[in-house]
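Written out below as structure tokens is the structure these notes cover.
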Amino acid sequence: MLTLFSASSSFGQQRSPYRTDVGIDAPITGALLLGTAIGLNGMQKKDGLTEGEAYALRQENVNRFDRFSAGYYSESAKRVSDYPFYGSLAAPVALLLLDRDMNKKFGQIGALYIQTLAVTGTLFTSTVALVERSRPLAYNTALDLNQRSNRNSTNSFFAGHTAATATATFFAAKVFNDFHPNSAARPYVWAAAAAVPATVGYLRLRAGKHFLSDNLLGYAVGAGAGILVPHLHKVKRNGKGFSLVPLQGFTPNGYSYSGFSLTRQL
């Protein structure tokens, strides 16, 4: 005889799909924020290009994949890119405030969001501090020499605006998906999460701030962090969370039975 015993504890939307531990997550987030600060300090110590190095830049020396954009520059594209960039950073906060189920876990999700941004921040600042790659605009001989050679002009690899935007939008989509796994809005949420950083990446490309490869890597880093950090904290049904425990024995009248008990590990 097969029997299935259900635990009284249910996993409803009033519960968070995530498991966090202050003793573990706080030190990790602190270390990541420190890593971001160290990388940022390294970025600020960069010298940029000398006058001779700036004049020596040649479009033909850029790899074929990125060569088409060497020399791009658009102040308007740069300005417009800031709107979806800053707006995206507020998206998870807005979702927390507007979604009733998520709002109940504001502190937990907010802490996860900070940790997620810190992951991207550490990867971005450390990479830019270590890698010297001139921006596409540095190849534009019509620009003032200072624009082509200043300290910021060698921060092309990889695209920070694109990475941060993807981090925010994919984090928001992932959290919405985990809180509302049956929502019909999920495809639209994911589509918006993918479209916004792609738009920022395109604008940064047109602005002459980053090559295509810089944007693609920034997109991948941001999206990866936005999805993986909350996913690694997710309550697992085959580990943490629900688990099936095998049962076997005899009933009071002597009949044997076997089955499973559905239990929740707290």
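As an exercise: evaluate residue 135 against (1) under 30 Å from residue 58 (Cα atoms); (2) surrounded by fewer than 24 Cβ atoms within 10 Å (Cβ to Cβ); (3) touching a residue at least 12 places away in the same chain (Cβ under 8 Å) and give the number of the one condition it does not meet.
(2)
Are any residues in the stretch 157-189 polar (S, T, N, Q) and either part of a helix (DSSP H, G or I) or in contact with a Leu (Cβ under 9 Å, 6 or more places away or on another chain) (or both), and if so, which ones?
Listed by number, the residues that qualify are 162, 165, 167, 169, 177.
Pairs needed: first member in the stretch 47-67, farther than 13 Å from residue 150 by Cα; second member anywhere, aliphatic (A, V, I, L, M); C-beta distance under 7 Å; at least 6 residues apart or different chains.
57/138; 59/70; 62/70; 65/212; 66/212
Residue check, residue 207 against (1) closer than 30 Å to residue 51 by Cα; (2) free of Cβ contacts under 8 Å to residues at least 40 places away in the same chain, all met but one. Which one?
Condition (2) is where residue 207 drops out.
Looking only at residues in the stretch 176-206 that are closer than 26 Å to residue 102 by Cα, touching a Gly at 6+ places or on another chain (Cβ under 9 Å) and not small (Gly, Ala, Ser), which one is surrounded by the fewest Cβ atoms within 10 Å (Cβ to Cβ)?
Looking at the filtered set, the residue picked out is 196.
If you check 36, 20, 29, which single one turns out to be β-branched (Val, Ile, Thr) and either in contact with a His (Cβ under 6 Å, 6 or more places away or on another chain) or outside any helix (DSSP H, G or I) (or both)?
20
Helices (runs of 4 or more DSSP H) wholly in the stretch 44-133 with at least 1 residues that are in contact with a strand residue (DSSP E or B) (Cβ under 6 Å, 6 or more places away or on another chain) - which ones?
106-130
Restricting the search to the stretch 134-153, which residues are of a type outside the set (Ser, Thr, Tyr) and in a helix (DSSP H, G or I)?
Those that are of a type outside the set (Ser, Thr, Tyr) and in a helix (DSSP H, G or I): 136, 137, 138, 145, 146, 147, 148, 151, 152.
Search the stretch 1-23 for residues being closer than 16 Å to residue 107 by Cβ and out of contact with any strand residue (DSSP E or B) (no Cβ under 7 Å at 6 or more places or on another chain), and hand back the single one that is modelled with the lowest pLDDT.
Filtering first and then ranking leaves 14.
The values are calculated or read from the model by the stated rules, or taken from the named source; none is laboratory data. Please read these numbers as outputs of a predicted model, since none were measured by experiment. All Cβ positions, glycine included, derive from the backbone under ideal geometry; neighbour counts span all protein chains shown.
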